[in-house]
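Visitor: Dropping the structure in here first, questions after.
The values are calculated or read from the model by the stated rules, or taken from the named source; none is laboratory data. For clarity, every value in this text was computed on a predicted model and none was experimentally measured. Ideal geometry is used to build each Cβ from the backbone, glycine not excepted, and the neighbour counts take in all protein chains shown. Accessible surface is based on the protein model in full, side chains and every heavy atom, while ligands, DNA and RNA are left aside. Shrake-Rupley method; radii C 1.70, N 1.55, O 1.52, S 1.80 Å.
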Amino acid sequence: MTSDDMTLDASAPRLEVDALIDDPRTRIVVCCGSGGVGKTTTAAALGVRAAERGRKVVVLTIDPARRLAQSMGISELDNVPRRVKDVDEAAGGELHAMMLDMKRTFDEIVEGHADADRARAILENPFYQSLSAGFAGTQEYMAMEKLGQLRASDEWDLIIVDTPPSRSALDFLDAPKRLGSFLDGKFIRVLMAPAKVGGRAGMKFLNVGMSMMTGTLSKLMGGQLLRDVQTFVAAMDTMFGGFRTRADATYRLLQAPGTAFLVVAAPERDALREAAYFVERLAAEQMPLAGLVLNRVHGSGAAQLSAERALAAAEALTDGLSEDGAADGDAGTDRAENNLEATGIVDLDGGNAGAGTAGGLSPAAAAEHPAPTSASAAQLAAGLLRLHAERMQVLARERRTRDRFTALHPEVPVTEVGALPGDVHDLTGLREIGDRLALNGTSADDTDTDGTLTGDHSDSGS
Amino acid sequence: MSRLHVVSGKGGTGKTTVAAALALALATEGRRTLLVEVEGRQGIAQLFETEALPYEERKIAVGPASEGASRWGSSRTESGGDPLRGGGRRAGEVYALAIDAERALLDYLQMFYKLGSAGRALKKLGAIDFATTIAPGLRDVLLTGKACEAVRRKDKNGRFVYDAVVMDAPPTGRITRFLNVNDEVAGLAKIGPIHNQAQAVMRVLKSPETAVHLVTLLEEMPVQETADGVAELRAAGIPVGGIVINMTRPALLDNGDLDVIAARGARSGVAKALSQAGLGGARRGGLADRLIDPLLEQAREHAERVELERAEHAELTSIGLPTYELELLPEGVDLAGLYQLARDLRKQGPI
Ligand SMILES: Nc1ncnc2c1ncn2[C@@H]1O[C@H](COP(=O)(O)OP(=O)(O)OP(=O)(O)O)[C@@H](O)[C@H]1O
Ligand SMILES: Nc1ncnc2c1ncn2[C@@H]1O[C@H](COP(=O)(O)OP(=O)(O)OP(=O)(O)O)[C@@H](O)[C@H]1O
Ligand SMILES: [Mg+2]
Ligand SMILES: [Mg+2]
């Protein structure tokens, strides 16, 4: 009998989450990853944990699930951090949280960097209104902008940043650049050409081309849209430099030693592929990667029982049901156990000690509860075994995907967070995730019913 | 019957997969469907295991044979010869197109303004980039415009070229904005070609010819997004079709089993049964006995999840739209799996 896929050959270094969030030099943690993998949950859970371990933390969340936002008291979009109640502040920490309002953030930049008249002209411009409500990349850009603001205010020991839901984790780094290249580009100058005609002599030739261009644009966009865009661009003109400077500053902040990127991924092929791209990209950008959070990993307290074996046993039980439905006596049982131990079908590392001491107990000791009839018990047992087989198949698949990532990036520290059976929508759930983040399990470890770790099921084969 | 099927849903719920399965499902004998993607990710090519799609409609698959007929034919037919199968009827065909906003804009400029070289100059300046990535709305006008053009296109006999067009659309959070290009553009371009184009697109999108389907999982956030998305679409006057519940899992334990587990009365009986099935000794500390706690724990987690899924299911039903269900394929979605999903969709009636 083989216990395939159960070998823990891949040995990624472990990500020590507590060491990371306890270190006073860690000032910014950025949680990124592809859509739906648990970025927001991880960011919030880290926030709670760091605060309860004594740090003054702010979490910048983006589009959190409604119930989660409510339970943290941040469902109102007022674009300022709110202190989260019910966080244990005994260690001297605090948790503040906010939900990013991107239009508000954009408006605030305008208001903060232009005089009142100019600000009003911009805010009322239809092109601006449409732009600020969200073109591709505004959210990413505004998240960076807000991060810059939070960092500049120097009110917090630790800033934890969630990133926008996007198909690719890379968007977080790319979108601001795209905006930057537009702001720096020639096109801006074409748009502003009417305002600048008669400029330097050297521009003359260019201006001929430009008026031709504006003619074309006008034909295309309609004269009124072009005028709106031009008004907008002219009004923003003085601010563009500021945008650029701040975007660059934030970018440098992300490269600073006090920053740590956590790449969150689900143990699925697509998510881990994205994670691998992102890891490579961070290295290319010289941005500090702390490690990979493998979220929603499944475990089993009975990992010693393989899927095949469980299915075969379920089958046997169902067959037995259709024949006579009666359970055999204990004589057969002991024989079965001896067989097992001899052939090593079941890995004994997990609980040998228990078996030894319990061996002397009366066999009848188990019957404290009224037992259901044998047939229904057999049916139930078969169900449990099928469920277990399904779980083991999931485990094996997740492990294969994880191992593929580890083979590609053996240097990246990993922590695994077990899947909770339900959604995470309150502080209790976040603490649980925090514990799991810090516990640093691998998929061979499992929290069982009592929350204790069962033994290492690593299997030396058989 | 709608002819433009727009497939949206929360990120990662299976929009691309469901759109592809739907395009296959709709490609019954003698029919031709077009599967379009608009986000430049080549998701369709990946799914059909072909090279990246160019900006050009090309045939990528034949529809699955109807129930009772033999299994589907060659899944990746080369262009050319119509495969004649079962009863001499032409197999349904699926074409695919990856719409690229920049190419669509350049084509459009060329078509209406003969702007060949000026178009290139605009591109060099970054104007095309501006129009297709930065300027709000314009990109969406181009993308939806191309899809609507395919919906309306007729051959020389006056018949529609495609019986149905299925769009792998942006996620729920952006779908209303994406489809409601008219509102978006109306505030910007009040006259001119962009304005006219937006109007033409909206005529198709708000007609019964269009149906937006939302893909969801039985989880809190996708279900919430689905409910919000339906409300938004309805408010915008865009017709909503059905809800596709993806990646459902069979219930391995029935309610009675779960009740017994909840009552914690099953322990010794189950231990005996396990032991009887050859999994070791049933007495305290025996191998079978030691399996029980973890197995019961897994069953309790399962029960909790089933409970949660039931609540989400009820929430979805209360939206009052037709629902379709697709099972989680344990080995992931390969080509065979995709055909499986297509047949499952077909079995659940017209969508
Ligand atoms: N370890 C876990 N166990 C169980 N459920 C989890 C776990 N982690 C996250 N979830 C649930 O998964 C869902 C998605 O999580 P979350 O919102 O954090 O993802 P995200 O990466 O921020 O998504 P998006 O890309 O949409 O922003 C939520 O409903 C959350 O409660
Ligand atoms: N019924 C299913 N059974 C098993 N796996 C599935 C099923 N449907 C989708 N998947 C898998 O789930 C993942 C996400 O699916 P898909 O890419 O279709 O989602 P999407 O909504 O288009 O994602 P995105 O938001 O990134 O565009 C893929 O790996 C896909 O193979
Ligand atoms: Mg999120
Ligand atoms: Mg997709």
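Visitor: B:Leu279 passes all but one of (1) open to solvent by less than 40 Å² (accessible area, probe 1.4 Å); (2) at pLDDT 90 or above; which number fails?
Guide: Evaluating B:Leu279 over (1) open to solvent by less than 40 Å² (accessible area, probe 1.4 Å); (2) at pLDDT 90 or above leaves (2) as the failure.
Visitor: Starting from region A:91-103, keep only residues that are acidic (Asp, Glu), then list their pairs with residues that are not in a strand (DSSP E or B) whose Cβ atoms are within a distance under 8 Å, requiring at least 6 positions of separation or different chains.
Guide: What qualifies is A:Glu94/A:Ala51; A:Glu94/A:Val87; A:Asp101/A:Leu77; A:Asp101/A:Asp78; A:Asp101/A:Asn79.
Visitor: So which pairs qualify, if the first residue must be in region A:28-47 and in contact (Cβ under 8 Å) with a residue 60 or more places away in the chain and assigned to a helix (DSSP H, G or I), the second must be within 15 Å of ligand 2 (Cβ to nearest atom) and of a type in the set (Gly, Ala, Ser), the Cβ gap must be under 6 Å, and the two must be at least 6 apart or on different chains?
Guide: A:Lys39/A:Gly33
Visitor: Now for a separate question. Tell me which residues, restricted to region A:359-400, are over 21 Å from B:Arg249 (Cα atoms) and at pLDDT 90 or above.
Guide: Here is the first cut: in region A:359-400, the residues over 21 Å from B:Arg249 (Cα atoms) are A:359-378, A:400.
Correct list: A:Arg400 only.
Visitor: Just the residues that are in contact (Cβ under 8 Å) with a residue 60 or more places away in the chain, away from every other protein chain (no Cβ under 14 Å) and of a type outside the set (A, V, I, L, M, F, W, C), please, taken from region A:53-78.
Guide: Once the filter is applied, which keeps residues that are in contact (Cβ under 8 Å) with a residue 60 or more places away in the chain, away from every other protein chain (no Cβ under 14 Å) and of a type outside the set (A, V, I, L, M, F, W, C), region A:53-78 yields A:Arg55, A:Lys56.
Visitor: Here's another thing I want to ask about it. If B:Thr226 passes every condition in (1) surrounded by fewer than 23 Cβ atoms within 10 Å (Cβ to Cβ); (2) in a helix (DSSP H, G or I); (3) more than 10 Å from chain A (Cβ to nearest Cβ) but one, which one does it miss?
Guide: Going through the list (1) surrounded by fewer than 23 Cβ atoms within 10 Å (Cβ to Cβ); (2) in a helix (DSSP H, G or I); (3) more than 10 Å from chain A (Cβ to nearest Cβ), B:Thr226 breaks only (1).
Visitor: A further question on this structure: May I ask you to list pairs of residues, at least six apart or on different chains, whose Cβ atoms are under 8 Å apart, with the first in region B:246-258 being exposed (fewer than 13 other Cβ atoms within 10 Å of the Cβ) and the second being among the aromatic types (Phe, Trp, Tyr)?
Guide: As it stands, the answer is none, since no pair meets every condition given.
Visitor: Quick check: anything in region B:203-215 within 16 Å of ligand 3 (Cβ to nearest atom), part of a helix (DSSP H, G or I) and open to solvent by less than 40 Å² (accessible area, probe 1.4 Å)? Give the steps one after another, and end with the answer.
Guide: Let us first name the residues in region B:203-215 that are within 16 Å of ligand 3 (Cβ to nearest atom), namely none.
No: region B:203-215 contains no residue that is within 16 Å of ligand 3 (Cβ to nearest atom), part of a helix (DSSP H, G or I) and open to solvent by less than 40 Å² (accessible area, probe 1.4 Å).
Visitor: Let me ask something additional. With the requirement that a residue be within 30 Å of A:Gly35 (Cβ to Cβ) and not basic (Lys, Arg), what does region A:290-302 give you?
Guide: Listed by number, the residues that qualify are A:Ala290, A:Gly291, A:Leu292, A:Val293, A:Leu294, A:Asn295, A:Val297, A:His298, A:Gly299, A:Ser300.
Visitor: For region B:1-40, enumerate the residues that are near ligand 2 (Cβ under 8 Å from one of its atoms), part of a loop (DSSP other than H, G, I, E, B), touching a residue at least 40 places away in the same chain (Cβ under 8 Å) and not hydroxyl-bearing (Ser, Thr, Tyr).
Guide: Across region B:1-40, the qualifying residues are B:Lys10, B:Gly11, B:Gly14, B:Glu39.
Visitor: Looking at (1) open to solvent by 20 Å² or more (accessible area, probe 1.4 Å); (2) assigned to a helix (DSSP H, G or I); (3) assigned by TED's automatic domain parsing to the domain that holds B:Thr216, can you tell me which one B:Leu338 breaks?
Guide: Condition (1) is where B:Leu338 drops out.
Visitor: Further, regarding this structure: Within the group A:Gly148, A:Gly112, which residue is assigned to a helix (DSSP H, G or I) and without any contact (Cβ under 8 Å) to a residue 40 or more places away in the chain?
Guide: Being assigned to a helix (DSSP H, G or I) and without any contact (Cβ under 8 Å) to a residue 40 or more places away in the chain holds for just one of A:Gly148, A:Gly112, which is A:Gly112.
Visitor: I've got another one for you. When you look at A:Val412, is it assigned to a loop (DSSP other than H, G, I, E, B), at pLDDT 90 or above and crowded, with 16+ Cβ neighbours inside 10 Å, yes or no?
Guide: It is true that A:Val412 is assigned to a loop (DSSP other than H, G, I, E, B), at pLDDT 90 or above and crowded, with 16+ Cβ neighbours inside 10 Å.
Visitor: Determine whether region B:307-316 contains at least one residue that is in the same structural domain as B:Leu217 (by TED's automatic domain parsing), open to solvent by 10 Å² or more (accessible area, probe 1.4 Å) and acidic (Asp, Glu). Explain how you work it out, then say what you get.
Guide: Taking region B:307-316 first, the residues in the same structural domain as B:Leu217 (by TED's automatic domain parsing) are none.
For region B:307-316, residues in the same structural domain as B:Leu217 (by TED's automatic domain parsing), open to solvent by 10 Å² or more (accessible area, probe 1.4 Å) and acidic (Asp, Glu): absent.
Visitor: List, please: which pairs have Cβ atoms under 8 Å, are six or more places apart or on different chains, and start with a residue in region B:339-351 that is free of Cβ contacts under 8 Å to residues at least 60 places away in the same chain and end with one that is among the hydroxyl-bearing types (Ser, Thr, Tyr) and open to solvent by less than 60 Å² (accessible area, probe 1.4 Å)?
Guide: B:Gln348/B:Tyr324
Rundown of residues vs (1) under 30 Å from A:Ala50 (Cβ atoms); (2) open to solvent by 30 Å² or more (accessible area, probe 1.4 Å); (3) more than 14 Å from chain B (Cβ to nearest Cβ); (4) of a type outside the set (Asp, Glu), yes/no style:
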site	(1), (2), (3), (4)
A:Glu89	yes, yes, yes, no
A:Glu111	no, yes, yes, no
A:Ala121	no, yes, yes, yes
A:Lys146	yes, no, yes, yes
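Visitor: Within region B:152-169, count every residue that is within 17 Å of B:Val212 (Cβ to Cβ) and either modelled with pLDDT under 95 or of a type in the set (Gly, Ala, Ser) (or both).
Guide: 2
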